[in-house]
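Data first, discussion second: the structure below is written as structure tokens.
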Amino acid sequence: MSTIETAPADTSALYRLTGVTRTYRGKGRTVTPLTGVTVDIAAGEFVTIQGPTGGGKSTLLQLLGALDRPTAGSLVLAGTELSSASNRELGRIRAEDIGFVFQGFNLIPTLTARENVAMALVPGDVPTAERAGLVEQALAHVGLADRGDHLPGELSGGQQQRVAIARAIVKTPKVLLADEPTGNLDEEMRDEILGLLESLCAEGLTLIVVTHDSAVAKRAHRRLRLKDGRILEV
């Protein structure tokens, strides 16, 4: 395991982080969960991020997801400098370029699977007439073409996570960011969801997964570990 000192000279990099630091100040103290992180993530790569609780994983995921800005350093996604982009541009990037999947699924319980997936298209510029077709394609892609009318409570945990993945990919993002996506699933369902994510990555989707599960991490193209605010390569 070694500290990454410099980003590789990779022109295919989707993300390029250079000296990224994030500091929070409040109640008379300063917390720095990330310190000088420098790393590239290539388009189409499957990368996992591991590390101790409080080690900066959530902070890094928020930065990669354009939900927060670095205190210092450069964070570039597909040629756009996120640290200096306007709030409007960051909103567009989140709506169009980044898909999110969470451990708790985050589905709206009163909406059907079809309606939950369609919610991802509301912030974007997708014409209303095209949304229904895109939603059906996304559900079929995750093997739930026949479950569109079901409420989340009528689906298994694995099926709910498939709906969440369909919601994330329906807008055809450049990257999918997943926070413990198999954390609430048994081993069999974990492997099924991992297989689905791997197939999406094989189709060209960049996949970045925060996980505590070494069985998940071992299947990635590259494993990163955060320790003391710095990123290491396993």
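The values are calculated or read from the model by the stated rules, or taken from the named source; none is laboratory data. Just so it is clear, the model here is predicted, and its values are computed rather than measured. FYI the Cβ positions are ideal-geometry reconstructions off the backbone, even for glycines, and counts take in every protein chain you see.
Residues in region 189-197: is at least one farther than 17 Å from ASN106 by Cβ and of a type in the set (Gly, Ala, Ser)?
yes
Looking at region 94-116, I want the residues that are under 20 Å from THR128 (Cα atoms) and have a partner that is among the polar types (S, T, N, Q) and crowded, with 19+ Cβ neighbours inside 10 Å with Cβ atoms under 9 Å, at least 6 apart or on another chain. Which pairs are those?
From region 94-116, the pairs are ALA113/GLN159; ALA113/GLN160.
If a residue must be over 12 Å from VAL163 (Cα atoms) and among the aliphatic types (A, V, I, L, M), how many such residues does region 68-118 contain?
The number of residues fulfilling the criteria is 11.
Checking the conditions here, which among ALA95, ALA66, ALA78, ALA118 is surrounded by 14 or more Cβ atoms within 10 Å (Cβ to Cβ) and more than 15 Å from LYS174 (Cα to Cα)?
Matching residue, one of ALA95, ALA66, ALA78, ALA118: ALA118.
Would you check if ILE208 is surrounded by 22 or more Cβ atoms within 10 Å (Cβ to Cβ), over 15 Å from the mean Cα position of the chain (by Cα) and part of a strand (DSSP E or B)?
In short, no.
So which of ALA113, ALA138 is crowded, with 18+ Cβ neighbours inside 10 Å, touching a His at 6+ places or on another chain (Cβ under 7 Å) and either of a type outside the set (Phe, Trp, Tyr) or under 24 Å from GLY44 (Cα atoms) (or both)?
Residue meeting the stated conditions: ALA113.
So, in region 211-229, exactly how many residues are hydroxyl-bearing (Ser, Thr, Tyr) and surrounded by fewer than 20 Cβ atoms within 10 Å (Cβ to Cβ)?
Adding up the residues that qualify gives 1.
Select, from GLU180, GLU188, the only residue that is closer than 19 Å to LEU64 by Cα and modelled with pLDDT under 95.
The unique qualifying residue is GLU180.
Quick one: in region 215-234, which of the residues that are in contact with a Lys or Arg (Cβ under 9 Å, 6 or more places away or on another chain) and either of a type in the set (Asp, Glu) or in contact (Cβ under 8 Å) with a residue 60 or more places away in the chain (or both) is nearest to LEU194 (Cα to Cα)?
Of everything passing the filter in region 215-234, VAL216 is nearest to LEU194 (Cα to Cα).
Out of the residues in region 72-95 meeting the condition of being under 18 Å from the mean Cα position of the chain (by Cα) and hydrophobic (A, V, I, L, M, F, W, C), tell me which one is nearest to GLY36 (Cα to Cα).
Per the stated criteria, the residue is LEU75.
Quick one: in region 21-36, of everything that is within 15 Å of GLY55 (Cβ to Cβ) and among the β-branched types (Val, Ile, Thr), which residue is surrounded by the fewest Cβ atoms within 10 Å (Cβ to Cβ)?
Top of the filtered list is VAL31.
How many residues does region 163-213 contain that are out of contact with any helix residue (DSSP H, G or I) (no Cβ under 7 Å at 6 or more places or on another chain), more than 17 Å from LEU61 (Cβ to Cβ) and either free of Cβ contacts under 8 Å to residues at least 40 places away in the same chain or charged (D, E, K, R) (or both)?
11
A quick yes/no check of all residues on (1) within 18 Å of VAL209 (Cα to Cα); (2) more than 19 Å from the chain's Cα centre (by Cα); (3) outside any strand (DSSP E or B):
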| residue | (1), (2), (3) |
| --- | --- |
| TYR15 | yes, no, no |
| THR18 | no, yes, no |
| THR30 | no, yes, no |
| LEU34 | yes, no, no |
| VAL39 | yes, no, no |
| ILE49 | yes, no, no |
| GLY54 | yes, no, yes |
| THR59 | yes, no, yes |
| PRO70 | no, no, yes |
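Condition first: of a type in the set (Val, Ile, Thr) and modelled with pLDDT of 95 or more. Now tell me which residues in region 8-22 satisfy that.
Scanning region 8-22 gives THR18, VAL20, THR21.
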